[in-house]
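Some notes on the structure that comes next.
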Amino acid sequence: RRLRINLAIRPRNRSGPSISIRKHPMKNYTFEDLIGFGMMDAETAKGLKELALSDKSILITGQGASGKTTILRAIIDNVDEMERILIAESDSEIYPQKPNCIVQKVKKKNEGGIPVTLSDLLIDGLTMSLDTYVVGELVDAAAWYFLMAGFSGHRVMATTHTGSASDAMPRMLTLSKMAGISESEKTIKEMIASSIDIVIHMANFKVMEIIEVSGYNSQINKYDTKILYKR
């Protein structure tokens, strides 16, 4: 029933057994629902609906339980019906209600057989004639393959943990380096600027800031950004 459960015992837990349960709604919230919850106003919701119907690549940032996945679900459910999407997740959380979504999940070591990582899913997706790649959460080297998909002309969407919208680019740089790549920082930064168009920052289940990324100026080592919305 859309539960995400974490159980732990000794020796991992020094304090004794613990259980953490996150319960996702059985029906995804609409933008109208999110307006009612105070996550955003009607004007912001209108802008995000238009963004969903565009070809813009989106990165949603914030701390844990800030509403990142909730707003990602709403955006996906408002994308054009004919847009073909691959959703790659470590744990099932998005549950799209839009047709033409292929939902794939990683296979962890303890599940038997050959493990399948987020990076594997993204690389394999390049053979599937997709319009859009969605990653539930970027926490490791999969960020590099996410950027590669965006740099190759596909639309990409994902969530990741940061403290602000402007922290999104350094976060992607750090995660990309985990892939052990040989590209220079300048090249990676240029790819980040080319692959990500919009950053939406969340906090306390509210849209706090939306910025547009239009490029990277290597001469002054600075991204070209524009604030579209600030709460």
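What's the number of the condition Ile76 fails, among (1) more than 25 Å from Asp131 (Cα to Cα); (2) touching a Pro at 6+ places or on another chain (Cβ under 6 Å); (3) surrounded by 14 or more Cβ atoms within 10 Å (Cβ to Cβ)?
(1)
Quick one: in the range 166-199, of everything that is of a type in the set (Gly, Ala, Ser) and more than 24 Å from Ile85 (Cβ to Cβ), which residue is most open to solvent (accessible area, probe 1.4 Å)?
Ser182
Residues in the range 88-140 that are closer than 25 Å to Arg22 by Cβ, touching a helix residue (DSSP H, G or I) at 6+ places or on another chain (Cβ under 9 Å) and part of a loop (DSSP other than H, G, I, E, B): how many?
15
Return yes or no: is Leu130 under 20 Å from Ala193 (Cβ atoms) and touching a residue at least 24 places away in the same chain (Cβ under 8 Å)?
no
Give the residues of the range 106-127 that are within 22 Å of Ile76 (Cβ to Cβ), open to solvent by less than 40 Å² (accessible area, probe 1.4 Å) and of a type outside the set (Ser, Thr, Tyr), sorted by residue number.
Hits for the range 106-127 are Val106, Leu118, Leu121, Leu122, Gly125.
Would you check which residues across the range 8-40 are exposed (fewer than 12 other Cβ atoms within 10 Å of the Cβ), within 28 Å of the chain's Cα centre (by Cα) and part of a loop (DSSP other than H, G, I, E, B) and list them?
Across the range 8-40, the qualifying residues are Pro25, Met26, Lys27, Gly38.
Based on what the data block shows, is Ser214 open to solvent by 30 Å² or more (accessible area, probe 1.4 Å), within 20 Å of Asp55 (Cβ to Cβ), outside any helix (DSSP H, G or I) and of a type outside the set (Asp, Glu)?
yes
What are the residues in the range 149-162 that are surrounded by fewer than 21 Cβ atoms within 10 Å (Cβ to Cβ) and at pLDDT below 95, if any?
Phe151, Ser152, Gly153, His154
Take Ile94 and tell me if it is buried (at least 19 other Cβ atoms within 10 Å of the Cβ) and at pLDDT below 95.
For Ile94, the condition - buried (at least 19 other Cβ atoms within 10 Å of the Cβ) and at pLDDT below 95 - is met.
Which pairs do you get when a residue that is in contact (Cβ under 8 Å) with a residue 40 or more places away in the chain and within 18 Å of Tyr145 (Cβ to Cβ), found in the range 88-102, comes within reach of a residue that is polar (S, T, N, Q) and open to solvent by 20 Å² or more (accessible area, probe 1.4 Å), reach meaning Cβ atoms under 6 angstrom, with the pair 6+ apart or on two chains?
Ala88/Gln104
For the range 156-189, which positions are more than 23 Å from Gly125 (Cα to Cα) and touching a strand residue (DSSP E or B) at 6+ places or on another chain (Cβ under 8 Å)?
Answer for the range 156-189, where residues must be more than 23 Å from Gly125 (Cα to Cα) and touching a strand residue (DSSP E or B) at 6+ places or on another chain (Cβ under 8 Å): His161, Thr162, Ser164, Ala165, Ser166, Asp167, Ala168, Met169, Arg171, Lys189.
Could you grab me the full set of residues in the range 10-26 that are over 17 Å from Ala65 (Cβ atoms) and touching a residue at least 24 places away in the same chain (Cβ under 8 Å)?
Listed by number, the list holds a single entry, Met26.
The values are calculated or read from the model by the stated rules, or taken from the named source; none is laboratory data. What you see is a predicted model, and the numbers here were worked out from it, not measured in a lab. Positions of Cβ are generated from backbone atoms using ideal geometry, with glycine treated the same way; all protein chains shown enter the neighbour counts. Ligands, DNA and RNA are stripped out before the accessible areas are found, and what is left, the full protein with its side chains, is counted by its heavy atoms. Shrake-Rupley method; radii C 1.70, N 1.55, O 1.52, S 1.80 Å.
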